[in-house]
Amino acid sequence: MADSDGEYASDDELKRNGKRTADGRSKQTKASWEDVKRSWDTVLETADSGLSIAEIREAEKRRRLLRDTTPLQRGIIRHLMLVLDMSFAMADKDLLPNRYRVVLNNAIGFVREYFEQNPISQLGIVGMRDGIAVRISDLSGNPAEHIEKLMQWSEQQDPQGNSSLQNALQMCRGALYQTPSHATREVLIIYGALVSIDPGDIHDTINDLVADRIRVSVVGLAGQVAICTELCKRTNNHDGNYSVAIDEVHLKELFFAATTPPVTRTLEQNTASLLMMGFPSRTLAPKDHVSYCACHAKPTREGYTCPRCGIKVCRLPIDCPICKLTLIQSTHLARSYHHLFPLKVFVEVPWSQASRSTACYSCLSPFPTGPRDMVAAAPAVLGGRAGKGGKQDSDPKNPKPELKGVSESGRYACQVCGNHFCIDCDVFAHETIHNCPGCQSDTRAPERDTPLAVPDGDPTPMVVDA
């Protein structure tokens, strides 16, 4: 287009600041329409209208929390291999800008979330391209190394060739074969192709995975593939974990669902065993004394000393390079326990019980005082017509649809302490801190159902000073 020469710039060029066109004019780094405030994002509902945008968002937040919180035995020490499809199928643009960029961006976020939820676990990354499997990062517990490798591949490599499931599974099996038996062995595959170019019979590889107790989960970006279904069912004891993403939001949900450890079902996995761990203390050497760490062979002043062999490592958690003792901190172990004892789901508070609170117990945000505060007093913007006195004409033939898990009063109560919280604090408590702020701040002594002591011959319980 001749009339736009010198003005057009690609998306990648717009992201780079300081670049100018051939005629010297600076390029925009942000489109003007990105700053437009969309009024429909904050629309409230009228009496006869459907659901408001704010209520739909609240229902989406609650949907992620409405899950089974039954305490189950899970493996909190995990060894996971992440397999990313880097074939030509990832160049499709059904996800913008394309599948390859979206998957790599989600993979970086997944690495952060994985080690946040599983601090004493390890992760490795493998790619599929040109009919072979390429190792992106080795199995380790350092998220910075994995993120650095992913960013390098995102900047320097483009999707090409065909994918090979068998080669990727064989590489993952070789990396997980030497892992200890007390840890889980998992493989998560992000698969965008519909075919797999394999050098042999993939069913033999599936049999080897089942024998080595390696669980495989697949997240598809295209249609459902039969071999992926069989792979997930056989390696997960006929309880397959194979899903196909329908959009970018759904892909992120399926991706991040793998941060939760799998349930141990077989008798062999449920066998209890003792594991020796070391809790080293941090040391800081004087300025004139620098030593090498055993994990990276780099000169450092600070580090952690192994309590068994006395070698120094620069970060935790890690397996001692000399004596192979697992070195962690007590906070790492505590952060892994929330998978075994999940926080109970907060229940919705009806208007009949909403008078107990006027503000959120955690952030002190004010709650609506009545149903009138939940309805917009402005003219109808979702299809309703304003009547006399600002009221809306209701339509009994089209009742308001109900959203599962959404509280009509905007309050959510803890089942233990009974305090009321807003939706944002509800999400923060279940997805980030995994503890109830009301229960943690309760300093009252626990009630006892039985007396502490009863003297002989005296039916009256002994009074014990607090």
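Under 18 Å from Leu316 (Cα atoms) and either touching a helix residue (DSSP H, G or I) at 6+ places or on another chain (Cβ under 8 Å) or at pLDDT 95 or above (or both), is that true of Tyr114?
yes
Output yes when any residue across region 160-170 is assigned to a helix (DSSP H, G or I), closer than 27 Å to Glu116 by Cβ, in contact (Cβ under 8 Å) with a residue 24 or more places away in the chain and under 26 Å from the mean Cα position of the chain (by Cα), and no when none is.
In the first step, residues of region 160-170 are kept if they are assigned to a helix (DSSP H, G or I); the result is 165-170.
Then drop every residue that is not closer than 27 Å to Glu116 by Cβ, which leaves 168.
Next, from what is left, pick out any that are in contact (Cβ under 8 Å) with a residue 24 or more places away in the chain: 168.
From what's left, under 26 Å from the mean Cα position of the chain (by Cα): 168.
The answer is yes; a qualifying residue exists.
Right, Gly223: within 22 Å of the chain's Cα centre (by Cα) and either of a type in the set (A, V, I, L, M) or in a loop (DSSP other than H, G, I, E, B) (or both) or not? Steps first, answer last, please.
On the way: within 22 Å of the chain's Cα centre (by Cα): no; either of a type in the set (A, V, I, L, M) or in a loop (DSSP other than H, G, I, E, B) (or both): yes.
Spelling it out, it is not the case that Gly223 is within 22 Å of the chain's Cα centre (by Cα) and either of a type in the set (A, V, I, L, M) or in a loop (DSSP other than H, G, I, E, B) (or both).
Determine which single condition Asn105 fails, assuming it passes every other condition in (1) within 19 Å of the chain's Cα centre (by Cα); (2) part of a loop (DSSP other than H, G, I, E, B).
(2)
Among the residues of region 172-192, how many are buried (at least 21 other Cβ atoms within 10 Å of the Cβ) and either of a type in the set (Phe, Trp, Tyr) or modelled with pLDDT of 90 or more (or both)?
The total comes to 10.
Suppose the filter is in contact (Cβ under 8 Å) with a residue 12 or more places away in the chain, within 16 Å of Arg74 (Cα to Cα) and open to solvent by 40 Å² or more (accessible area, probe 1.4 Å); does Asn237 pass it?
Values: in contact (Cβ under 8 Å) with a residue 12 or more places away in the chain: yes; within 16 Å of Arg74 (Cα to Cα): yes; open to solvent by 40 Å² or more (accessible area, probe 1.4 Å): yes.
For Asn237, the condition - in contact (Cβ under 8 Å) with a residue 12 or more places away in the chain, within 16 Å of Arg74 (Cα to Cα) and open to solvent by 40 Å² or more (accessible area, probe 1.4 Å) - is met.
When region 226-250 is examined, which residues are found to be out of contact with any strand residue (DSSP E or B) (no Cβ under 7 Å at 6 or more places or on another chain), among the hydrophobic types (A, V, I, L, M, F, W, C) and within 25 Å of Ile206 (Cβ to Cβ)?
Of everything in region 226-250, those that are out of contact with any strand residue (DSSP E or B) (no Cβ under 7 Å at 6 or more places or on another chain), among the hydrophobic types (A, V, I, L, M, F, W, C) and within 25 Å of Ile206 (Cβ to Cβ) turn out to be Ala226, Ile227.
Does Ile132 satisfy the criteria of being open to solvent by less than 50 Å² (accessible area, probe 1.4 Å) and at pLDDT 90 or above?
Judged against the criteria, Ile132 is not a match.
Return the residues of region 226-269 that are under 16 Å from the mean Cα position of the chain (by Cα) and closer than 19 Å to Leu80 by Cα; say none if nothing qualifies.
Selection gives Leu251, Lys252, Glu253, Leu254, Phe255, Phe256, Ala257, Ala258, Thr259, Thr260, Pro261, Pro262.
Just to check your reading of the model, which residue among Lys404, Lys397, Lys388 is modelled with pLDDT under 65, open to solvent by 90 Å² or more (accessible area, probe 1.4 Å) and over 24 Å from Gly370 (Cβ atoms)?
Numbers: Lys404 fails: over 24 Å from Gly370 (Cβ atoms); Lys388 fails: over 24 Å from Gly370 (Cβ atoms).
None of the other options fit; the residue is Lys397.
The values are calculated or read from the model by the stated rules, or taken from the named source; none is laboratory data. Quick caveat, the model's predicted, so the values are computed rather than measured. Using ideal geometry, Cβ is built from the backbone for each residue, glycine included, and neighbour counts are taken over all protein chains shown. The area values use the complete protein model at the heavy-atom level, side chains included, leaving out ligands, DNA and RNA. Shrake-Rupley method; radii C 1.70, N 1.55, O 1.52, S 1.80 Å.
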